[in-house]
1. From K356, K397, which residue is without any contact (Cβ under 8 Å) to a residue 40 or more places away in the chain and farther than 22 Å from V261 by Cβ?
2. Examine region 631-654 for a residue that is surrounded by 16 or more Cβ atoms within 10 Å (Cβ to Cβ), out of contact with any strand residue (DSSP E or B) (no Cβ under 6 Å at 6 or more places or on another chain) and at pLDDT below 75, and state whether such a residue exists.
3. For region 108-134, which residues satisfy the criterion of being farther than 16 Å from R222 by Cβ, outside any strand (DSSP E or B), in contact (Cβ under 8 Å) with a residue 60 or more places away in the chain and of a type in the set (A, V, I, L, M)?
4. Those residues that are closer than 27 Å to D288 by Cβ and among the basic types (K, R), I need them from region 511-568; list them, please.
5. Looking only at region 512-558, which residues are in contact with a Gly (Cβ under 6 Å, 6 or more places away or on another chain), more than 12 Å from G650 (Cβ to Cβ) and either aromatic (F, W, Y) or not assigned by TED's automatic domain parsing to the domain that holds Q652 (or both)?
6. So, in region 419-449, how many residues would count as being small (G, A, S) and in contact (Cβ under 8 Å) with a residue 40 or more places away in the chain?
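The values are calculated or read from the model by the stated rules, or taken from the named source; none is laboratory data. Just so we're clear, the structure is a prediction, and the values are computed from it rather than from any experiment. Heads up, the Cβs are rebuilt from the backbone with ideal geometry, glycines too, and the neighbour counts pull from every protein chain shown.
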Amino acid sequence: MKRNSNVKRRERSTFKAVRLYVPAWLQKAVGKKEVSRTTGCRDPRLAKIVIAEMVARWHAELDKYARMDLSKIEAGTLDLLGEGYIHINQAAALLGSDDRTLVAQLLANHARFYVYAENWDGWFLEDMDALWHDRDASGLVSVDVSETALRRLGQHRKESRHLQLRFDEDVRAIHQGAQQPREVCCFMLPPSRQMGFVVEMPGRPISAEQLMVSKADVEQLRCWLASQITPAMAAQASEQRPLPLVEPVYLGLAHARHANVLLAEILATYIDRNKGKWKPNTLHTNQDRCAILLELTGNPPLRDIDRDFLWRLVEKLKALPDGRQHVRRRFKCPEATFTQLIALAEQHDLPRLTTKAVEKLIDGFGEIFTWAVTQTYLTANPATKLGTEVFESMGGKRTKASDDRDQLSPDDLALIFSTEWFVRGTGTKTKQGLFYSYRPHYYWLPLLGLLAGGRLNELAQLYLSDIRCSESGVNYLDFNLDGEDKVNADTEGTDTQDGDGLDKSLKTINAIRQVPIHPKLIELGFIDYVVALRGAGYTRLFPELGYDKTKGYGKYAGSWFNERFLGTQLKIERNGRKTFHSFRHNFSTALGDSEIPAIIKSQLMGHSRGKAQNESRYDKGRHIDQLAEHLSSIDFGLTAYIKPFSVIDGIQAAADALKLKTTRQRKSKRDA
């Protein structure tokens, strides 16, 4: 491309861009010889028109910035301190600038502009994004503000307060045509980023004199400009010569003072400030997201992170192999980077991340950027609704949440409950009289999943004190986060402390609940086993299950049931459709088939009991005796040929498991 051409096309983008050359006197301050800006246009003819305007404006602005009053910028003023708003012409006077120059710089720094509404008539909307939008080739946005749309989505009322102009093009138009007011329809209601106010067409006429900006944004700009002043510049100012102040530097979505901060620093702060409130599994997930984001983007400064930047990242995410940890184990490279994993996937033609997995990763990045916005590192979240866009662009098809997993068919249930320990009520001992390949949770966890509807970790972490009896004699499971008198039997080598209850977790607040123990479980010996465990000095229902700091007691139980039992032993296809969680689907379906009221079903499942306030806030749920009456009505017809649990063998199997664990730990220490 010839040097005198101002037109260029950005890499991996169909939008045309303009190349602007920095004069020699400005290059040292800017740090580069040229800068580029997108035109927002794909049509070459339209792009040339936009470029001509941008080049003309560039030269005009260079001249204006060379004549700003450095003494006013350096000195500052009390008028810019504190909260509140200031008119643009007042702010310009305080900085020794003109209105248009100041507006251009503030727009470059993503400042927001306001106007005062006095008893304006219009429509209040909870979510401005609900209005239909369209962006044309030049980048201008059109919005459906018809009366039909406003009546459907909004609430008619009057406003008297400061309103924020929603679109930057309105701000530019107001100052480019300073002699002619601009009619504006769409406003935001600060500090909300969603709620808005719309006046009916043709809109409210807004003049340049009415436009305001927050004092904080102007003061932030003043501080930044002051930081760019060098002794040489100050000397030139005293001689009244043109001053080479920098152009309005493109800051992306970053606040000016954080524009050059590297992504790694922000991610480290994100983890450090939030890790105390996250569960171990959540912490691990967020650390993994941060590692992916950092490695695949190359640790850019915040100013480079925008929507286009993330779309380029999406292409790399699509190349990641599915099941990253499995790939690391398969190829014996536990420390493989994400870039190396992509290379392995290409070399061995491995399955790539699913559409839903890519969407989930992007939504996770969005959570990080949302936090960055609240911490004022960014002015907006570049990943807002991006996950949905990517999912649809990859041809993803939405399914109901209930379709994510299958319930177990009658044949599946018959296969599961026809294994040895169900048919005999116990496992097989070795020649030495020990239980080596049988554990009590093999028997009880599937039955509790089917007849109590518990999630795997909820059941695996139960303490004996969580199996209780009501005053009327109803036995029940108490799913709670109580920490008193809780002892982790597997604390050796972990950070979990005895007695603090930190080894328990529940998915949501609604998961704290009480579920009656099904009569069939009692017939099979569940309460007898609980009594025997207490007599043997145990505190947990499944003392043989080890504790994982990230996934709790359910990790090892899940590995056994989903992989070794369903997959290896029973040969049920391992595609994620049928897992231990499928028991919960069977339980839920059985409750529905028994025509149990929805509010009781929600209580037993550990779900919210309704969206209405009288249900979610004031309804305290049904008493355990009432729940027992409903629960006893469900029957899968399987327990007729399941033998009662051998309590004596169960106690021995738990003890044998703990002895084996101790032996392995000692051997591991010796080997180390």
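1. Going through K356, K397 in turn, just one is without any contact (Cβ under 8 Å) to a residue 40 or more places away in the chain and farther than 22 Å from V261 by Cβ: K397.
2. yes
3. Of everything in region 108-134, those that are farther than 16 Å from R222 by Cβ, outside any strand (DSSP E or B), in contact (Cβ under 8 Å) with a residue 60 or more places away in the chain and of a type in the set (A, V, I, L, M) turn out to be M128, L131.
4. The answer is K549, K551, K555, R564.
5. Y556
6. Residues of region 419-449 small (G, A, S): 425, 427, 433, 437, 449.
Those still in the list that are in contact (Cβ under 8 Å) with a residue 40 or more places away in the chain too: 425, 427, 449.
So the answer is 3.
One line per residue, one yes/no per condition, for (1) surrounded by fewer than 21 Cβ atoms within 10 Å (Cβ to Cβ); (2) assigned to a loop (DSSP other than H, G, I, E, B):
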residue: A383; (1), (2): no, yes
residue: F391; (1), (2): yes, no
residue: D406; (1), (2): yes, yes
residue: W421; (1), (2): no, no
residue: K431; (1), (2): yes, yes
residue: L447; (1), (2): no, no
residue: G454; (1), (2): no, yes
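Let's see how each residue does on (1) modelled with pLDDT of 80 or more; (2) not small (G, A, S):
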{"site": "G96", "(1), (2)": "no, no"}
{"site": "D99", "(1), (2)": "yes, yes"}
{"site": "A111", "(1), (2)": "yes, no"}
{"site": "W120", "(1), (2)": "yes, yes"}
{"site": "L131", "(1), (2)": "no, yes"}
{"site": "V145", "(1), (2)": "no, yes"}
{"site": "R152", "(1), (2)": "yes, yes"}
{"site": "R161", "(1), (2)": "yes, yes"}
